[in-house]
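Below is one structure; the comments refer to it alone.
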Ligand code: HEC
């Protein structure tokens with residue numbers, strides 16, 4: 001996968017390193033390009049050891065970021081576990097389950113209650129309408145498999161589907 005390191009990917013990777021490195025890490029393809037970026041710099045001796053990230057590989061770092069930056073809270077369906085609700089990691093980042101057809105959302109009375117969510121944490125209703133967590137797996141038809149890295153980066157930066165499409169609804173932004 002390291003061989004996919006085109007100049008464009010390296011440039012994209014550099015852009016990411018400052019503020020949004022975590023954004024690359026959901027898709028393993030994106031992780032690979034970041035690996036190419038981070039792997040290249042030390043070989044060129046352009047970074048001091050002190051500037052190196054912790055001794056995690058980019059894939060490990062990405063896994064850590066996805067786990068700690070709450071992507072699983074909404075993009076992995078939740079189930080009831082022995083200690084209470086927990087993300088069903090056998091469905092990691094697969095979005096709202098296709099089989100879970102939601103009824104119409106509740107109507108809220110005037111007042112501070114404004115939104116509702118499914119027990120899976122993958123369907124939401126509020127003033128914006130109804131939204132379903134997207135499939136972030138590399139599936140090419142229902143996930144992010146057909147996306148390129150720039151689309152992903154732009155989406156996370158501007159909140160638009162594939163970087164240029166419709167605005168992505170709450171609670172994602
Ligand atoms: C609070 C819930 C929530 C959290 C947390 C969340 N998302 Fe989302 N995300 C959503 C929902 C809901 C959508 C779909 C919105 C829509 O269809 O308009 C979405 C859409 C997306 C999309 C766009 C997919 C598409 O097809 O356009 C991407 C990419 C994405 N999320 C990545 C992430 C990443 C990466 C994280 C963690 C850093 C994350 N999300 C955290 C709820 C969330």
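The values are calculated or read from the model by the stated rules, or taken from the named source; none is laboratory data. Quantities reported herein were computed from a predicted structural model and do not represent experimental measurements. Here the Cβ positions follow ideal geometry from the backbone for every residue, glycine too, while neighbour counts run over all protein chains shown.
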Hits in the range 83-98 (condition: farther than 15 Å from residue 124 by Cβ and surrounded by 14 or more Cβ atoms within 10 Å (Cβ to Cβ)) | 87, 88, 91, 92, 93, 94
State whether one or more residues within the range 62-82 are surrounded by fewer than 18 Cβ atoms within 10 Å (Cβ to Cβ), more than 11 Å from the ligand (Cβ to nearest atom), touching a residue at least 12 places away in the same chain (Cβ under 8 Å) and part of a loop (DSSP other than H, G, I, E, B).
-> no
Taking the residues in the range 99-124 that are free of Cβ contacts under 8 Å to residues at least 24 places away in the same chain and closer than 24 Å to residue 139 by Cα as candidates, determine which candidate is surrounded by the most Cβ atoms within 10 Å (Cβ to Cβ).
-> 118
Determine whether the range 144-151 contains at least one residue that is within 14 Å of the chain's Cα centre (by Cα), closer than 16 Å to residue 71 by Cβ and either away from the ligand (no atom under 13 Å from the Cβ) or at pLDDT 95 or above (or both).
-> yes
With respect to residue 156, is the statement that it is in a helix (DSSP H, G or I) and under 15 Å from residue 71 (Cα atoms) true?
-> yes
Among 156, 136, which is under 19 Å from residue 78 (Cα atoms) and in contact with a helix residue (DSSP H, G or I) (Cβ under 6 Å, 6 or more places away or on another chain)?
-> 136
